[in-house]
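The structure appears right after this line, and notes come after that.
The values are calculated or read from the model by the stated rules, or taken from the named source; none is laboratory data. None of these values were measured; they are calculated from a predicted model. So basically every Cβ, Gly included, is an ideal-geometry build from the backbone, and we count neighbours across all protein chains shown. Heavy atoms of the whole protein, side chains included, go into the accessibility calculation; ligands, DNA and RNA do not. Shrake-Rupley method; radii C 1.70, N 1.55, O 1.52, S 1.80 Å.
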Amino acid sequence: DNYKEGLSKTRKSFSEKINDLVARYRKVDEDFFEDLEEVLISADVGVSTVLDLIDELKMEVKRQNISDTSEVKTVISEKLVEIYNGDDDETNKELNIKENELTIMLFVGVNGVGKTTTIGKLAHQLKSEGKKVLLTAGDTFRAGAIEQLSEWGKRIDVDVIKHSEGSDPAAVIFDGIQAAKSRKADVLLCDTAGRLQNKVNLMNELQKVKRVIEREVPNAPHEVLLVLDATTGQNALSQAKTFAQATDVTGIVLTKLDGTAKGGIVLAIRNELGIPVKLVGLGEKVTDLQKFDPQAFVYGLFA
Ligand code: GDP
(Lines give C-alpha, C1' and ligand atoms only; values in the text may rest on other atoms or scores of the structure.)
Protein backbone atom coordinates (compact mmCIF):
# COMPACT_ATOMS: atom_id res chain seq x y z
CA ASP A 1 0.00 0.00 0.00
CA ASN A 2 1.08 3.60 -0.35
CA TYR A 3 1.88 3.99 3.36
CA LYS A 4 4.61 1.39 3.05
CA GLU A 5 5.73 2.67 -0.32
CA GLY A 6 5.85 6.28 0.83
CA LEU A 7 8.16 5.34 3.66
CA SER A 8 10.32 2.99 1.69
CA LYS A 9 13.35 5.29 1.56
CA THR A 10 13.40 5.78 5.31
CA ARG A 11 12.69 2.13 5.95
CA LYS A 12 15.37 0.86 3.63
CA SER A 13 18.17 3.05 4.90
CA PHE A 14 17.18 2.58 8.53
CA SER A 15 16.70 -1.17 8.56
CA GLU A 16 19.87 -1.73 6.57
CA LYS A 17 21.89 0.20 9.10
CA ILE A 18 20.26 -1.51 12.10
CA ASN A 19 20.69 -4.98 10.64
CA ASP A 20 24.27 -4.18 9.84
CA LEU A 21 24.86 -3.10 13.45
CA VAL A 22 23.22 -6.20 14.85
CA ALA A 23 25.32 -8.43 12.62
CA ARG A 24 28.52 -6.59 13.39
CA TYR A 25 28.20 -6.57 17.18
CA ARG A 26 26.21 -9.63 18.18
CA LYS A 27 26.70 -8.69 21.87
CA VAL A 28 25.19 -5.60 23.42
CA ASP A 29 27.92 -3.35 24.77
CA GLU A 30 28.88 0.31 25.10
CA ASP A 31 30.27 0.47 21.53
CA PHE A 32 27.05 -0.97 20.15
CA PHE A 33 25.05 1.76 21.86
CA GLU A 34 27.41 4.41 20.54
CA ASP A 35 26.99 3.22 16.95
CA LEU A 36 23.25 2.88 17.42
CA GLU A 37 23.17 6.48 18.59
CA GLU A 38 24.84 7.51 15.34
CA VAL A 39 22.42 5.52 13.18
CA LEU A 40 19.43 7.14 14.89
CA ILE A 41 20.86 10.63 14.62
CA SER A 42 21.60 10.09 10.93
CA ALA A 43 17.91 9.24 10.43
CA ASP A 44 17.07 12.69 11.86
CA VAL A 45 15.55 11.33 15.04
CA GLY A 46 17.09 14.32 16.82
CA VAL A 47 19.91 14.38 19.34
CA SER A 48 17.95 14.88 22.54
CA THR A 49 15.37 12.28 21.52
CA VAL A 50 18.14 9.81 20.74
CA LEU A 51 19.84 10.41 24.07
CA ASP A 52 16.54 9.80 25.91
CA LEU A 53 16.03 6.66 23.92
CA ILE A 54 19.53 5.27 24.51
CA ASP A 55 19.16 5.82 28.27
CA GLU A 56 15.85 4.00 28.29
CA LEU A 57 17.25 1.20 26.15
CA LYS A 58 20.19 0.65 28.45
CA MET A 59 17.85 0.31 31.42
CA GLU A 60 15.51 -2.01 29.57
CA VAL A 61 18.36 -4.20 28.34
CA LYS A 62 19.59 -4.54 31.91
CA ARG A 63 16.12 -5.21 33.26
CA GLN A 64 15.37 -7.91 30.70
CA ASN A 65 18.90 -9.24 30.88
CA ILE A 66 19.39 -9.00 27.13
CA SER A 67 22.88 -9.69 25.84
CA ASP A 68 22.20 -10.53 22.21
CA THR A 69 21.91 -7.61 19.75
CA SER A 70 19.28 -9.43 17.70
CA GLU A 71 16.89 -9.19 20.66
CA VAL A 72 17.49 -5.50 21.02
CA LYS A 73 15.58 -4.65 17.84
CA THR A 74 12.22 -5.38 19.44
CA VAL A 75 13.08 -3.31 22.49
CA ILE A 76 14.14 -0.38 20.30
CA SER A 77 10.86 -0.39 18.40
CA GLU A 78 8.83 -0.67 21.61
CA LYS A 79 10.71 2.24 23.15
CA LEU A 80 10.34 4.36 20.02
CA VAL A 81 6.58 3.88 20.05
CA GLU A 82 6.51 4.66 23.77
CA ILE A 83 8.52 7.84 23.25
CA TYR A 84 6.21 8.82 20.43
CA ASN A 85 3.04 8.18 22.35
CA GLY A 86 4.18 10.02 25.47
CA ASP A 87 1.52 10.41 28.12
CA ASP A 88 -1.29 11.51 25.84
CA ASP A 89 -4.50 9.66 25.39
CA GLU A 90 -5.48 8.60 21.91
CA THR A 91 -8.02 11.32 21.30
CA ASN A 92 -5.73 14.22 20.59
CA LYS A 93 -3.84 12.31 17.90
CA GLU A 94 -6.92 12.11 15.71
CA LEU A 95 -8.13 15.11 13.75
CA ASN A 96 -10.74 16.93 15.81
CA ILE A 97 -13.77 16.86 13.53
CA LYS A 98 -17.14 17.74 15.02
CA GLU A 99 -20.34 15.96 14.11
CA ASN A 100 -23.33 18.15 13.26
CA GLU A 101 -21.51 21.42 13.73
CA LEU A 102 -19.03 23.47 11.75
CA THR A 103 -15.41 22.38 12.15
CA ILE A 104 -12.76 24.99 11.35
CA MET A 105 -9.15 24.11 10.66
CA LEU A 106 -6.37 26.60 10.22
CA PHE A 107 -3.28 25.63 8.21
CA VAL A 108 0.02 27.32 8.98
CA GLY A 109 3.53 26.81 7.65
CA VAL A 110 6.15 28.42 5.41
CA ASN A 111 5.86 28.55 1.61
CA GLY A 112 6.69 25.44 -0.33
CA VAL A 113 6.14 22.92 2.46
CA GLY A 114 2.98 21.58 0.81
CA LYS A 115 0.28 23.53 2.60
CA THR A 116 -1.97 24.06 -0.41
CA THR A 117 -1.55 20.48 -1.55
CA THR A 118 -2.41 19.21 1.92
CA ILE A 119 -5.55 21.35 2.09
CA GLY A 120 -6.60 20.00 -1.31
CA LYS A 121 -5.94 16.39 -0.35
CA LEU A 122 -7.74 16.67 2.98
CA ALA A 123 -10.71 18.47 1.42
CA HIS A 124 -10.99 15.67 -1.10
CA GLN A 125 -10.85 13.03 1.64
CA LEU A 126 -13.48 14.72 3.78
CA LYS A 127 -15.68 15.25 0.77
CA SER A 128 -15.51 11.59 -0.15
CA GLU A 129 -16.59 10.80 3.43
CA GLY A 130 -19.74 12.76 2.66
CA LYS A 131 -18.87 16.05 4.32
CA LYS A 132 -19.59 19.45 2.85
CA VAL A 133 -16.25 21.23 2.65
CA LEU A 134 -15.32 24.85 1.96
CA LEU A 135 -11.88 26.36 1.49
CA THR A 136 -10.71 29.88 2.37
CA ALA A 137 -7.75 31.48 0.61
CA GLY A 138 -6.20 33.20 3.62
CA ASP A 139 -2.73 33.45 2.08
CA THR A 140 -3.25 36.83 0.47
CA PHE A 141 0.46 37.61 0.62
CA ARG A 142 2.24 35.20 -1.69
CA ALA A 143 1.69 35.86 -5.38
CA GLY A 144 -0.22 32.97 -6.87
CA ALA A 145 -1.35 31.41 -3.60
CA ILE A 146 -5.02 32.30 -4.12
CA GLU A 147 -4.96 31.02 -7.68
CA GLN A 148 -3.28 27.78 -6.62
CA LEU A 149 -5.92 27.06 -4.00
CA SER A 150 -8.66 27.91 -6.51
CA GLU A 151 -7.20 25.39 -8.93
CA TRP A 152 -7.32 22.71 -6.25
CA GLY A 153 -10.91 23.71 -5.56
CA LYS A 154 -11.82 23.19 -9.20
CA ARG A 155 -9.97 19.92 -9.37
CA ILE A 156 -11.81 18.38 -6.42
CA ASP A 157 -15.03 20.35 -6.94
CA VAL A 158 -14.97 22.27 -3.67
CA ASP A 159 -15.78 26.00 -3.41
CA VAL A 160 -13.08 28.47 -2.44
CA ILE A 161 -13.83 31.76 -0.68
CA LYS A 162 -11.29 34.37 -1.74
CA HIS A 163 -10.46 38.07 -1.90
CA SER A 164 -7.83 39.74 -4.03
CA GLU A 165 -4.10 39.51 -3.40
CA GLY A 166 -2.86 41.83 -0.66
CA SER A 167 -6.20 42.01 1.16
CA ASP A 168 -6.64 41.42 4.88
CA PRO A 169 -6.46 37.67 5.63
CA ALA A 170 -8.73 38.06 8.66
CA ALA A 171 -11.40 39.59 6.43
CA VAL A 172 -11.25 36.68 3.97
CA ILE A 173 -11.50 34.20 6.78
CA PHE A 174 -14.43 36.12 8.26
CA ASP A 175 -16.17 35.80 4.87
CA GLY A 176 -15.28 32.12 4.73
CA ILE A 177 -16.95 31.56 8.07
CA GLN A 178 -20.11 33.42 7.01
CA ALA A 179 -20.25 31.37 3.80
CA ALA A 180 -19.71 28.15 5.73
CA LYS A 181 -22.53 29.05 8.10
CA SER A 182 -25.03 30.06 5.43
CA ARG A 183 -24.23 27.06 3.22
CA LYS A 184 -24.27 24.72 6.22
CA ALA A 185 -20.79 23.41 5.54
CA ASP A 186 -19.36 20.73 7.81
CA VAL A 187 -15.72 21.69 7.51
CA LEU A 188 -13.95 24.93 6.67
CA LEU A 189 -10.26 24.65 5.80
CA CYS A 190 -8.36 27.95 5.99
CA ASP A 191 -5.03 28.65 4.32
CA THR A 192 -2.76 31.31 5.84
CA ALA A 193 0.37 33.13 4.74
CA GLY A 194 3.64 31.58 5.83
CA ARG A 195 6.27 34.24 6.01
CA LEU A 196 8.83 33.58 8.67
CA GLN A 197 11.10 36.48 7.80
CA ASN A 198 9.19 38.68 10.16
CA LYS A 199 8.15 36.87 13.28
CA VAL A 200 6.20 39.79 14.70
CA ASN A 201 4.08 40.08 11.56
CA LEU A 202 3.50 36.34 11.48
CA MET A 203 2.42 36.34 15.08
CA ASN A 204 0.13 39.35 14.70
CA GLU A 205 -1.50 38.00 11.58
CA LEU A 206 -2.11 34.53 13.02
CA GLN A 207 -3.47 35.98 16.23
CA LYS A 208 -5.81 38.31 14.38
CA VAL A 209 -7.11 35.45 12.22
CA LYS A 210 -7.56 33.31 15.28
CA ARG A 211 -9.45 36.02 17.14
CA VAL A 212 -11.88 36.37 14.25
CA ILE A 213 -12.51 32.63 14.21
CA GLU A 214 -12.91 32.44 17.99
CA ARG A 215 -15.37 35.31 17.96
CA GLU A 216 -17.52 33.84 15.18
CA VAL A 217 -17.58 30.18 16.22
CA PRO A 218 -17.35 28.95 19.82
CA ASN A 219 -14.50 26.49 20.47
CA ALA A 220 -13.00 27.13 17.04
CA PRO A 221 -10.51 26.76 15.47
CA HIS A 222 -10.78 23.04 16.14
CA GLU A 223 -7.35 22.42 14.70
CA VAL A 224 -4.34 24.58 13.99
CA LEU A 225 -2.27 22.34 11.77
CA LEU A 226 1.35 23.17 11.12
CA VAL A 227 2.58 21.82 7.80
CA LEU A 228 6.26 20.82 7.71
CA ASP A 229 8.41 19.41 4.91
CA ALA A 230 10.13 16.22 6.10
CA THR A 231 12.93 16.61 3.56
CA THR A 232 14.15 19.73 5.36
CA GLY A 233 15.10 17.70 8.44
CA GLN A 234 16.21 19.69 11.45
CA ASN A 235 15.07 22.88 9.70
CA ALA A 236 11.51 21.63 10.01
CA LEU A 237 12.08 21.30 13.72
CA SER A 238 13.19 24.90 14.05
CA GLN A 239 10.21 26.10 11.96
CA ALA A 240 7.98 24.16 14.31
CA LYS A 241 9.49 25.93 17.30
CA THR A 242 8.87 29.35 15.73
CA PHE A 243 5.24 28.60 14.87
CA ALA A 244 4.59 27.06 18.25
CA GLN A 245 5.64 30.39 19.76
CA ALA A 246 3.37 32.33 17.40
CA THR A 247 0.21 30.30 17.95
CA ASP A 248 -1.20 27.19 19.65
CA VAL A 249 -0.41 24.43 17.18
CA THR A 250 -2.66 21.40 17.77
CA GLY A 251 -1.10 19.05 15.24
CA ILE A 252 1.56 18.58 12.61
CA VAL A 253 1.20 17.54 9.00
CA LEU A 254 4.52 16.14 7.83
CA THR A 255 4.71 16.23 4.03
CA LYS A 256 7.08 14.66 1.50
CA LEU A 257 7.96 11.68 3.69
CA ASP A 258 8.17 9.78 0.42
CA GLY A 259 11.09 11.98 -0.61
CA THR A 260 13.37 11.39 2.33
CA ALA A 261 15.33 8.64 4.03
CA LYS A 262 15.18 10.66 7.23
CA GLY A 263 11.65 9.99 8.41
CA GLY A 264 12.98 9.85 11.96
CA ILE A 265 12.16 13.56 12.11
CA VAL A 266 8.61 12.48 13.06
CA LEU A 267 9.93 11.22 16.38
CA ALA A 268 12.06 14.29 16.99
CA ILE A 269 9.12 16.63 16.40
CA ARG A 270 6.89 14.66 18.69
CA ASN A 271 9.43 14.29 21.46
CA GLU A 272 10.92 17.75 21.39
CA LEU A 273 7.74 19.74 20.85
CA GLY A 274 5.09 17.52 22.36
CA ILE A 275 2.85 18.14 19.34
CA PRO A 276 1.36 15.05 17.67
CA VAL A 277 1.91 14.36 13.98
CA LYS A 278 -1.67 13.89 12.79
CA LEU A 279 -1.22 13.49 9.05
CA VAL A 280 1.60 12.55 6.72
CA GLY A 281 2.05 13.36 3.05
CA LEU A 282 3.41 10.45 1.06
CA GLY A 283 3.29 11.77 -2.48
CA GLU A 284 1.79 14.34 -4.83
CA LYS A 285 -1.43 12.54 -5.70
CA VAL A 286 -4.71 13.56 -4.11
CA THR A 287 -4.87 10.24 -2.26
CA ASP A 288 -1.35 10.54 -0.81
CA LEU A 289 -2.36 11.89 2.57
CA GLN A 290 -2.71 9.51 5.48
CA LYS A 291 -3.38 9.48 9.17
CA PHE A 292 -0.14 8.97 11.01
CA ASP A 293 0.08 5.62 12.76
CA PRO A 294 3.16 5.61 15.03
CA GLN A 295 3.07 1.88 15.59
CA ALA A 296 2.94 1.04 11.88
CA PHE A 297 5.59 3.67 11.22
CA VAL A 298 8.07 2.42 13.81
CA TYR A 299 7.51 -1.28 13.19
CA GLY A 300 7.86 -0.57 9.47
CA LEU A 301 11.35 0.72 10.12
CA PHE A 302 12.43 -2.62 11.49
CA ALA A 303 10.69 -4.81 8.96
P1 GDP B 1 2.76 25.50 -0.27
O2 GDP B 1 3.59 26.62 -0.80
O3 GDP B 1 3.11 25.20 1.16
O4 GDP B 1 1.31 25.71 -0.45
O5 GDP B 1 3.21 24.19 -1.05
P6 GDP B 1 2.50 23.41 -2.24
O7 GDP B 1 1.26 22.78 -1.76
O8 GDP B 1 2.43 24.27 -3.42
O9 GDP B 1 3.56 22.22 -2.48
C10 GDP B 1 4.87 22.45 -2.93
C11 GDP B 1 5.33 21.26 -3.77
O12 GDP B 1 5.43 20.10 -2.94
C13 GDP B 1 4.34 20.88 -4.87
O14 GDP B 1 5.08 20.54 -6.02
C15 GDP B 1 3.62 19.65 -4.32
O16 GDP B 1 3.18 18.78 -5.33
C17 GDP B 1 4.71 19.02 -3.49
N18 GDP B 1 4.19 18.17 -2.40
C19 GDP B 1 3.30 18.49 -1.46
N20 GDP B 1 3.10 17.45 -0.60
C21 GDP B 1 3.89 16.43 -1.03
C22 GDP B 1 4.15 15.08 -0.57
O23 GDP B 1 3.61 14.58 0.43
N24 GDP B 1 5.05 14.36 -1.29
C25 GDP B 1 5.68 14.86 -2.40
N26 GDP B 1 6.54 14.08 -3.03
N27 GDP B 1 5.46 16.11 -2.85
C28 GDP B 1 4.58 16.89 -2.18
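Couple of notes before you dig in:
- A prolate overall shape is assigned to the stretch 104-147, the ratio a/c of its alpha-carbon gyration tensor axes (a ≥ b ≥ c) being 1.5 or greater and a/b exceeding b/c.
- Square roots of five times the Cα gyration tensor eigenvalues for the stretch 45-127, Å: 39, 16, 12
- Estimated dipole of the stretch 160-303 in Debye, rounded to 20 [Cβ of Lys and Arg +1, of Asp and Glu -1, Cα centre]: 160
- Size of charge dipole - the chain - debye, nearest 20, with Cβ of Lys, Arg +1 and Asp, Glu -1, no other charges: 940
- Protein accessible area in the stretch 153-298, 1.4 Å probe - carbon and sulfur %: 46
- Distribution of pairwise C-alpha distances over the stretch 124-172, 10 Å bins, in %: 29, 47, 22, 2
- Whole-percent P(r), the stretch 1-78, all Cα pairs, 5 Å bins from 0: 3, 14, 26, 25, 18, 8, 4, 1.
- The distance from the alpha carbon centre of the stretch 226-303 to that of the stretch 86-145 is 15 Å, rounded to a whole number.
- Angle between the chain longest axis and helix 115-128 axis [Cα atoms, degrees, rounded to 10]: 80
- Residue-averaged [θ]222 nm for the chain, counting only DSSP H segments that reach four residues, each worth -39500 (n - 2.57): -16500 deg cm²/dmol
- Between amide H atoms placed 1.01 Å from N, distances below 5 Å from Val227 occur with Val108, Gly109, Val253, all of them 5 or more places distant or on a separate chain.
- Ordered by 1.4 Å accessible area with all protein chains kept, Tyr299, Tyr84 run largest first as Tyr299, Tyr84.
- Placed amide H near Ile161: partners under 5 Å, 5+ positions off or other chain: Leu135, Thr136, Ala137
- Surface listing: Glu216, Glu99 arranged by accessible area from highest to lowest gives Glu99, Glu216, probe 1.4 Å.
- Accessible area, probe 1.4 Å, largest first, for residues His163, His222: His163, His222
- Accessible area per residue for the stretch 1-101 is 58 Å², calculated with a 1.4 Å probe on protein heavy atoms, without ligands, DNA or RNA.
- Charges were assigned to the Cβ only: +1 to each Lys and Arg, -1 to each Asp and Glu. The resulting dipole of the stretch 64-181 about its Cα centre is roughly 580 debye.
- Nearest 10 degrees, 0 to 90: helix 8-25 Cα axis against the chain principal axis: 20
- Leading residue at positive end of dipole, the chain (Cβ point charges), from Ile76, Leu102, Gln290: Leu102
- Using a cut-off of 18 Å between Cα atoms, the listed pairs Lys4/Lys127; Lys184/Lys208; Lys12/Lys121; Lys12/Lys262; Lys93/Lys291; Lys27/Lys73 include Lys4/Lys127; Lys184/Lys208; Lys12/Lys121 as exceeding that distance.
- Projected-area mean, the chain, by convex hull of Cα positions, square nanometres: 15.4
- Nearest-0.05 FRET efficiency for Glu272 and Glu5, computed from C-beta distance (R0 35 Å): 0.80
- Helix 234-246 and the long axis of the chain differ in direction by around 50°, with both axes built from C-alpha atoms.
- Rg to Rh quotient for the stretch 144-233, alpha carbon positions, Kirkwood Rh: 0.96
- Residues of the stretch 150-296: accessible area per residue with a 1.4 Å probe, Å²: 41
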